[in-house]
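Taking it in order: structure first as structure tokens, then the write-up.
The values are calculated or read from the model by the stated rules, or taken from the named source; none is laboratory data. Here the structure is a predicted model, which means the values were calculated and not measured. In this analysis, Cβ positions are derived from the backbone assuming ideal geometry, glycine residues included, and neighbour counts consider all displayed protein chains. The protein model used for the area step is the full one, side chains on, heavy atoms only, and it has no ligands, DNA or RNA in it. Shrake-Rupley method; radii C 1.70, N 1.55, O 1.52, S 1.80 Å.
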Amino acid sequence: MTTAGALPQRVLILGLGFAGRALALHLQALGVAVAGTVRDPAAAPGDGIARHRLHPDHAPDPALLAAVARADAVLCSVPPDADGDPALRLLGPALQASPALRWVGYLSSTGVYGDRGGGWVDEHAEADAGDAVALRRLRAEAQWRALAAARGIASATLRLPGLYGRGRNALVRLAQGNARHIVRPGLVFNRLHVDDLAEAVVAAMRRPLRDALYLPADDEPAPPQDVLAHAARLGGFAMPPAQAWDDASLEPMLRRFHASNKRIDSRGTRQALQWQPRFRSYREGLVDAWEAGDGRPGPAGTTP
């Protein structure tokens, strides 16, 4: 366990999606100067976060390169492609040359671990999934570690289970009519509320280490149908018809998601970061979302 220090003064988040924006808002509330990247800055909400375009078809503009040069911490949440991290390919030279950079982080996935038949994985488990999606993640992880090693700076890889939170959860899917009731007997998996992820990243930034690996997760690996049923009870929705996980009509991505059965042991991460999830299970997270308006008629209940 390392002692917590000061937060970075300037943070650049590559990819202001669901996770990236939650982290940006959390850092902003803590007084950190935050900027981020999106594909189309013109579509940005008015939340005070500076947004720069990062697109594979365009060279980085001077404003983004200046933001890279000023940032003492950079976190990437951009999905990988076949060659690894597309954001790092575009910004690699600028990151190598940045005079301020002291820490880099990468949001990966627990999908890099193969099926454990319901067994546990932790920071010491082998990342043994061999499918193309997992190999892309592992390639991107390695690229960020290599950058940090070449710079001699701290780095953190966070392998995440399924993220959810206000605006993105089973209540919203039920309200929109696109919830899927997919059943694989015996299947369980962990989740992580996006606000808990933001707090875990902040804890990692406060404790910079070389080549750190974290597995933040909630307390309760649970069957997906239990989560859906709890949301249905909260919102008064009918459960969608059940569908077998290996149904040939199921999309390949969903079949892959339900093919790996494992539990995440996050005790090492919690001790190292002195972090605990505020939303200990899906129940607390769904109640928070329901109280915020998710699953109800009107804009709050139809947020994608």
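Within segment 248-261, track down each residue that is in contact (Cβ under 8 Å) with a residue 12 or more places away in the chain, over 30 Å from GLU291 (Cα atoms) and out of contact with any Leu (no Cβ under 8 Å at 6 or more places or on another chain).
LEU250, ARG256, ALA259, SER260 - these are the residues of segment 248-261 that are in contact (Cβ under 8 Å) with a residue 12 or more places away in the chain, over 30 Å from GLU291 (Cα atoms) and out of contact with any Leu (no Cβ under 8 Å at 6 or more places or on another chain).
Pairs under 9 Å by beta carbon, first residue among the basic types (Lys, Arg) in segment 30-54, partner in a strand (DSSP E or B), six or more apart or different chains?
Partner pairs satisfying both residue conditions: ARG39/ARG53; ARG51/ALA35; ARG51/GLY36; ARG51/THR37; ARG51/VAL38; ARG53/THR37; ARG53/VAL38.
Need at least 3 residues that are touching a Pro at 6+ places or on another chain (Cβ under 7 Å) per element, so show me which strands (runs of 3 or more DSSP E) inside segment 1-78 make the cut, counting only ones lying wholly within it. Don't jump to the end; show me each part of the working.
Values: elements: 10-14, 33-38, 50-53, 73-76.
Hits in segment 1-78: 50-53.
Which condition number in (1) in contact (Cβ under 8 Å) with a residue 12 or more places away in the chain; (2) under 30 Å from PHE237 (Cα atoms) is the one that PRO185 fails?
Only one criterion in (1) in contact (Cβ under 8 Å) with a residue 12 or more places away in the chain; (2) under 30 Å from PHE237 (Cα atoms) is unmet by PRO185, namely (1).
Taking segment 21-60, which residues are more than 21 Å from ALA198 (Cβ to Cβ) and open to solvent by 70 Å² or more (accessible area, probe 1.4 Å)?
Matches in segment 21-60: ARG39, ASP40, ALA42, ALA43, ARG53, PRO56, ASP57, HIS58, ALA59.
In segment 94-108, how many residues are touching a residue at least 40 places away in the same chain (Cβ under 8 Å), surrounded by fewer than 23 Cβ atoms within 10 Å (Cβ to Cβ) and in a loop (DSSP other than H, G, I, E, B)?
The number of residues fulfilling the criteria is 2.
Tally up the residues in segment 158-191 that are of a type outside the set (Gly, Ala, Ser), within 15 Å of SER77 (Cβ to Cβ) and open to solvent by less than 10 Å² (accessible area, probe 1.4 Å), please.
1
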